[in-house]
Structures are given as structure tokens and as C-alpha cells.
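Here the structure is laid out as C-alpha cells; the discussion comes afterwards.
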Amino acid sequence: MTPSAPRSGRRQVELLTRDGCAICLRVHAQLAELSQELRFELVSTDVDAAAAAGNTGLRAEFGDRLPVILLDGREHSYWEVDEARLRADLAG
């Protein structure tokens, strides 16, 4: 089963973060730059805010290894941007 594309028609990269995470800020900046070049939609989700709103699953699954990068809803990498792999997966 393939995840559906976002309404924009572009692939979606979601960054799972936490407030106060310096690595998360660095990874977000890198992804924001890449999104301009590679034309993907970048979404950022704070797992603690999501948990407070009732969605505890993200924090339970990913909370101990943030930041986590999801490509079209599936885990792609964590802690760092695997840029070569991201480029290849977006091209494929």
C-alpha cells in the first residue's frame, strides 16, 4: 500500500520534533533548504504537543530518538538527514 500524495501533489517530508531540541532546529533548517530544491512539502510536528492534543502514538513510537524524518508517512531517517538517500527516494 502506497501512502497518498498530499493535496499539493508533491511528496511530503514530515519532521517529528520536540520543543527545545537543538538538533531538531538544525535538521529543520537543512530540510527547508532541500525542500526548495527538491520540491517536497515540509511539515513539522511536535510530538509532545501532539500527545497533549490526544495523539500519544507519535511520542510513544519516536520520542526517544528525535528528530525523526518521515517520507510520505513512513520513517526515513532519524537524528540526521540522510541526504543522499532522501534525494534517491524522492527521485524514485
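Of all residue pairs spaced 6 or more apart or on separate chains, those with beta-carbon atoms under 6 Å, a first member in the range 52-69 that is among the charged types (D, E, K, R) and a second member that is open to solvent by 40 Å² or more (accessible area, probe 1.4 Å) are Arg65/Tyr78.
Screening Asn55 on (1) surrounded by 13 or more Cβ atoms within 10 Å (Cβ to Cβ); (2) assigned to a helix (DSSP H, G or I) shows it passes everything except condition (2).
Within the range 36-92, the set of residues being closer than 17 Å to Asp19 by Cβ and of a type in the set (Phe, Trp, Tyr) comprises Phe62 only.
Please enumerate the residues belonging to the range 11-49 that are touching a residue at least 24 places away in the same chain (Cβ under 8 Å), of a type outside the set (Asp, Glu) and part of a helix (DSSP H, G or I).
Restricting attention to the range 11-49, the residues satisfying the condition of being touching a residue at least 24 places away in the same chain (Cβ under 8 Å) are 11-19, 21, 23-24, 27-28, 30-31, 34, 38-49.
If we keep only those that are of a type outside the set (Asp, Glu) too, we end up with 11-13, 15-18, 21, 23-24, 27-28, 30-31, 34, 38-40, 42-45, 47, 49.
Residues satisfying the conditions are Ile23, Cys24, Val27, His28, Gln30, Leu31, Leu34, Leu38, Val47, Ala49.
Of all the residues in the range 58-68, those that are part of a helix (DSSP H, G or I) and open to solvent by less than 80 Å² (accessible area, probe 1.4 Å) number 2.
Looking at Leu86, Leu71, Leu34, Leu38, which one is modelled with pLDDT of 95 or more, open to solvent by 30 Å² or more (accessible area, probe 1.4 Å) and of a type in the set (A, V, I, L, M, F, W, C)? Steps first, please.
Numbers: Leu86 fails: open to solvent by 30 Å² or more (accessible area, probe 1.4 Å); Leu71 fails: open to solvent by 30 Å² or more (accessible area, probe 1.4 Å); Leu34 fails: open to solvent by 30 Å² or more (accessible area, probe 1.4 Å).
None of the others qualify; the one that does is Leu38.
The values are calculated or read from the model by the stated rules, or taken from the named source; none is laboratory data. Predicted model, so just to flag it, every value in this text is computed and none were measured. Backbone-built Cβ (ideal geometry, glycine too); neighbour counts: all protein chains shown. Surface accessibility is based on the protein's heavy atoms, side chains included, excluding ligands, DNA and RNA. Shrake-Rupley method; radii C 1.70, N 1.55, O 1.52, S 1.80 Å.
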